[in-house]
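See structure below.
We did not get these values from a lab; they are worked out from the coordinates using the rules stated. Given the structure is predicted, the values throughout are model-derived calculations rather than measurements. Backbone-built Cβ (ideal geometry, glycine too); neighbour counts: all protein chains shown.
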Amino acid sequence: MRRWLMLSVPFLIGGLAGCGQEEPARLAGEPAAPAAEVAAADWLAPGETPSPARWLADRIAGADVDATAALLAAAAERYRESPRMIANRAVQLQAMLAEQGVGENAIALIGWLGGLPAQGRVSFSADCQHYFNLRVQGLDREQALARLSAPP
């Protein structure tokens, strides 16, 4: 038990480091951030509005909120993460891929990864990381998805 506790403390501290972050205080009379800035936030925190579907759809030109909500709900049924975490991870993957010159949007990524064979899949985050690794190795989208679809 002591060893487990010693090994888990750094992870707990790291995980909690972002939990209590508050927005910087505004000066009296300073207006709140415009909706476009809120929608463009890099991360959707627990309990934060808008909904994960609205937040994600607002980031992608022409995205439909209802279709995005349905996609998130289907992914949340398949994976152990919540719609909020799936949206966050998909946006994170989109940004990581963009840094590598790969232009794929978060909503499409949720659809592609959510369409992988269900057997053995429990973590959207893990699938995002595997997909990223395959893309960085030079595989195109179809090749990466085929590799992820192959039995272990």
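Taking the conditions exactly as written (in a helix (DSSP H, G or I), surrounded by fewer than 19 Cβ atoms within 10 Å (Cβ to Cβ) and on the phi < 0 side of the Ramachandran plot), does ALA75 satisfy them or not?
no
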request  = Report, by residue number, each residue of the range 78-96 that is buried (at least 19 other Cβ atoms within 10 Å of the Cβ) and more than 11 Å from the chain's Cα centre (by Cα).
outcome  = TYR79
